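The values are calculated or read from the model by the stated rules, or taken from the named source; none is laboratory data. Predicted, not measured: the structure shown is a model, and the values here were computed from it. A quick note on method: Cβ atoms are made from the backbone with ideal geometry, for glycine too, and the neighbour counts reach across all protein chains shown.
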Amino acid sequence: MIHVSATPVLALRGVSKRFGAVQALTDVDLEIHAGEVVALVGDNGAGKSTLVKTIAGVHPIDDGTIEWEGRAVRINRPNDAQTLGIATVYQDLALCDNLDVVANLFLGSEITSGSVLNEIAMEKRAKELLDTLSIRIPSVRIPVASLSGGQRQVVAIARALIGDPKIVILDEPTAALGVEQTAQVLDLVERLRERGHGVILISHNMADVRAVADKVAVLRLGRNNGVFPVKDTSHEEIIAAITGATDNAVTRRQARTATPAGATATVTKEDAK
Amino acid sequence: MSDLTKTPEPGTPAEQSAATKAPAGAAPAAEQSAAPLPAVDPRLLVREEGLKGYWTEFTRKVRGGELGSLPVFIGLIVIAIVFQLQNDKFLSASSVANIAVYSAGLGIMAVGIVFVLILGEIDLSVGSVAGVGAAVWAVLNVSNGMNDWLAVAIALLSGLALGLLHGVFFAKIGVPAFVVTLAGFLGWSGLQIWMLGSEGSINTPSGGIVENLTGYYFEDKAAAYGLALVAVLGYAASLLLDAKRRKAASLPSRPTSEIVLRTAVVAVFCFVVAYVLNEPEGARGLPLALVLFLAVLVVADFVARRTTFGRQVFAVGGSAEAARRAGINVDRVRIIVFGLSGMLAAFGGLFVASLSGGATKNLGSGNTLMLVIAAAVIGGTSLFGGRGKVWSALLGMIVIQSIQQGLNLLGMASEIQYMITGAVLLAAVVIDSVSRRTQKTAGRA
């Protein structure tokens with residue numbers, strides 16, 4: 001942890017979200033300070049993506065409050081989040097395939113002179129940004145459709161940085177990347193922290209999480225299941241929190257390898273459920 | 001990227017955006033002089049300087065399925081040659097003027113459809129909205145003696161209102177655009193017939209605005225040549241200015257040879273048309289309808305390519321969800337596009353009324369809708385959304401009207417004309433689909 005100010009930039013207090021009969025989030029709390037990388041982990045369906053979407057304004061929350069720099073705000077639309085200074089890189093990237101790289105980078109925050117697009121300023125800025133991030137793509141003027149998966153990922157991350165946001169949310173940024181690109185993205189996350197951005201990093205990859213995160217916030221079945229400082233927490237403790245510590249595949253397996261007889265009983269019990 | 005890695009022969013041109021046609025990625029030498037940029041992808045294919053590079057770029061694009069307007073140009077040339085051989089009046093002044101004037105009304109309606117198609121939707125109501133627009137104007141101006149300009153303005157606004165209504169039903173309530181505008185197609189033609197009353201038609205008064213829309217010609221020869229000159233100079237100036245600004249920003253810019261070539265092609269085309277409209281026997285000069293059509297095209301093209309709104313339309317057409325997450329008000333974009341389509345439909349309706357001598361019950365019915373959509377598609381706007389150009393309305397409508405004009409000159413029956421126009425539309429859609437598939441395999445779609 002580098003500089004952690006007293007008031008969190010973004011704080012969620014008791015946030016709940018329902019989709020029809022599904023209670024996707026229940027009373028979730030989360031705090032992100034400036035210059036802090038918070039890893040958000042949890043199993044599939046734990047509510048990570050839903051939580052991110054409530055922050056980004058894609059799904060308005062049903063209950064609870066969102067505080068921005070200490071005061072309560074409503075985030076009902078993606079625009080609200082952008083105005084506050086929250087930038088999101090979605091897992092599905094949300095790029096427009098038919099538009100070129102420059103247009104995608106500046107989509108929703110185009111540089112204009114009057115009401116006319118300033119293509120030259122945008123292209124210049126895009127090149128500078130991609131160069132500072134050491135992002136290699138064939139050209140900034142080709143449609144995103146013709147980029148490879150990794151290239152699309154870095155374009156999507158670069159796009160989040162266009163508006164100089166205070167909070168950057170990365171949803172599984174390294175899932176589709178090769179070794180070198182993963183390292184670049186992790187470097188990028190550290191650079192964001194050094195520049196004083198708050199980062200929310202969703203990842204299944206514990207190595208990535210432990211490499212860059214300051215705190216790990218665990219979600220389980222739509223609820224908080226602990227916030228751990230990365231330095232003082234072991235890998236196993238996080239896994240335990242993710243999977244539900246007492247009875248899970250990991251402990252069952254450990255029990256099974258230790259005493260094969262006892263394991264049979266557990267499995268039978270599991271099947272009976 | 002896949003197409004690049006497969007063909008890494010040196011000298012193959014760089015990837016290039018069709019929208020801006022900016023050469024992508026300057027040659028390494030140019031890059032070094034501008035700024036020491038380490039991050040140039042070694043696999044990046046660099047476009048050669050000069051005309052040779054332009055040609056290889058062009059052939060590569062065609063092979064990759066980016067046909068653009070090429071099939072239409074070839075089609076137009078074939079049409080011109082075939083009909084001229086059959087009947088030497090086809091390229092005469094009156095025939096060309098006819099094509100221009102008949103293209104204008106439906107072409108303006110097609111501009112609206114281009115926007116709707118870029119959005120990835122369809123508007124089936126344009127014919128009926130055109131009829132309503134003409135009827136509103138006729139009832140206000142002819143039957144109730146309202147001021148000509150005011151009546152035209154109200155007709156346009158009523159088209160806008162109907163279009164916005166379609167947009168609200170589509171965007172806010174979520175009824176598929178196909179169904180909303182189909183309901184509009186039926187409903188508004190009923191409204192049109194009801195407004196025109198028992199007689200079913202209101203004739204255009206002579207000398208009024210609507211009569212002049214297609215009846216007025218700038219007989220002074222300076223008009224046609226002047227417009228051609230302004231168009232060529234404007235085109236060249238915009239290219240040069242763009243190149244200069246890009247150079248100043250040390251971005252790759254068009255080579256001068258390419259600017260000269262492009263300007264020359266545009267100049268030849270403009271002045272040949274101006275000459276045919278002015279000089280031969282029976283020439284009446286520059287038709288006002290053509291001027292208005294071109295004005296609508298220039299404004300609409302500017303909106304589509306150079307404004308935030310245009311960018312948003314393309315974004316929604318490419319991926320509505322991505323656009324929404326980028327903070328674009330998708331509903332607003334959709335409603336405005338349908339409103340725009342309605343207003344341009346009403347404007348086009350006034351042209352049709354002008355040509356047919358008045359607002360009638362049948363105005364906008366029959367094959368109006370089909371011709372308008374066909375024009376947009378033949379011109380190269382994709383039915384699948386996200387890709388298209390405003391100028392395709394002009395190109396497609398010229399193709400359709402040229403065929404009709406040619407078949408009329410040959411005295412072909414209208415049933416034959418329908419069949420031939422249908423075949424041309426089918427060919428255009430086939431080209432669209434095939435080129436899309438080629439682009440996918442070349443990694444460009």
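Observations
- Filter result for the condition that a residue is buried (at least 19 other Cβ atoms within 10 Å of the Cβ), out of contact with any strand residue (DSSP E or B) (no Cβ under 6 Å at 6 or more places or on another chain) and not in a loop (DSSP other than H, G, I, E, B), over B:Glu321, B:Glu258: B:Glu258
- Condition check for A:Arg159: within 14 Å of chain B (Cβ to nearest Cβ) and crowded, with 20+ Cβ neighbours inside 10 Å: yes
- Only one of A:Leu170, A:Leu161, A:Leu99 that is at pLDDT 85 or above and within 23 Å of A:Asp208 (Cβ to Cβ): A:Leu170
- In summary, helices (runs of 4 or more DSSP H) completely within the stretch B:72-175 and bearing 2 or more residues that are surrounded by fewer than 22 Cβ atoms within 10 Å (Cβ to Cβ) occur at B:93-118, B:148-168.
Residue by residue, here is whether (1) over 17 Å from A:Leu51 (Cβ atoms); (2) in contact (Cβ under 8 Å) with a residue 12 or more places away in the chain; (3) in contact with a Gly (Cβ under 6 Å, 6 or more places away or on another chain) holds:
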residue: A:Leu188; (1), (2), (3): yes, yes, no
residue: A:Arg191; (1), (2), (3): yes, no, no
residue: A:Gly198; (1), (2), (3): no, yes, no
residue: A:Ile202; (1), (2), (3): no, yes, no
residue: A:Ala213; (1), (2), (3): no, yes, no
residue: A:Ala217; (1), (2), (3): no, yes, no
residue: A:Leu221; (1), (2), (3): no, yes, no
residue: A:Ser234; (1), (2), (3): yes, no, no
residue: A:Ala240; (1), (2), (3): yes, no, no
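- Here B:Gly207 meets each of (1) closer than 30 Å to B:Leu277 by Cα; (2) touching a Gly at 6+ places or on another chain (Cβ under 7 Å) with one exception, condition (2).
- Note on the stretch A:201-232: residues that are of a type outside the set (A, V, I, L, M), in a loop (DSSP other than H, G, I, E, B) and within 19 Å of A:Ile61 (Cα to Cα) amount to 1.
- The number of residues in the stretch A:89-101 being facing chain B (nearest Cβ under 7 Å) and more than 24 Å from B:Thr307 (Cα to Cα) comes to 1.
- The lone exception for B:Val72 - which of (1) more than 12 Å from B:Ala375 (Cα to Cα); (2) modelled with pLDDT under 90 it fails: (1)
- Filtering the stretch A:102-131 to residues that are more than 7 Å from chain B (Cβ to nearest Cβ) and more than 22 Å from the chain's Cα centre (by Cα) leaves A:Val102, A:Ile111, A:Ser113, A:Gly114, A:Asn118, A:Ala121, A:Met122, A:Arg125, A:Ala126, A:Lys127, A:Glu128.
- Applying a threshold of 8 Å to beta carbon distances and a minimum spacing of six or more residues, or different chains, the list of pairs starting in the stretch B:284-311 at a residue that is away from every other protein chain (no Cβ under 14 Å) and ending at one that is acidic (Asp, Glu) reads B:Arg284/B:Glu219; B:Gly285/B:Glu219; B:Gly285/B:Asp220.
- Residues considered: A:Thr88, A:Thr65, A:Thr132. Of these, the only one that is farther than 24 Å from A:Gln184 by Cα and among the β-branched types (Val, Ile, Thr) is A:Thr65.
- Reported count of residues in the stretch B:402-425, each being part of a loop (DSSP other than H, G, I, E, B) and free of Cβ contacts under 8 Å to residues at least 60 places away in the same chain, is 3.
- Sole exception among (1) touching a strand residue (DSSP E or B) at 6+ places or on another chain (Cβ under 9 Å); (2) of a type in the set (A, V, I, L, M); (3) within 14 Å of chain A (Cβ to nearest Cβ) for B:Ala359, by number: (3)
- Only one of B:Ser354, B:Ser341, B:Ser365 that is assigned to a helix (DSSP H, G or I), over 13 Å from the mean Cα position of the chain (by Cα) and at negative phi: B:Ser354
- Being over 23 Å from B:Ala80 (Cβ atoms) and touching a residue at least 40 places away in the same chain (Cβ under 8 Å) is a condition met by no residue of the stretch B:394-401.
- Restricting attention to the stretch A:132-142 and to residues that are over 24 Å from the mean Cα position of the chain (by Cα) and aliphatic (A, V, I, L, M), the residue that is nearest to A:Ile157 (Cα to Cα) turns out to be A:Val140.
- In the stretch A:135-161, residue farthest from A:Thr182 (Cα to Cα) [restricted to those that are out of contact with any strand residue (DSSP E or B) (no Cβ under 8 Å at 6 or more places or on another chain) and outside any helix (DSSP H, G or I)]: A:Pro138
- Taking the conditions (1) among the hydroxyl-bearing types (Ser, Thr, Tyr); (2) within 30 Å of A:Asp100 (Cα to Cα); (3) modelled with pLDDT of 85 or more in turn, B:Thr438 satisfies each one other than (3).
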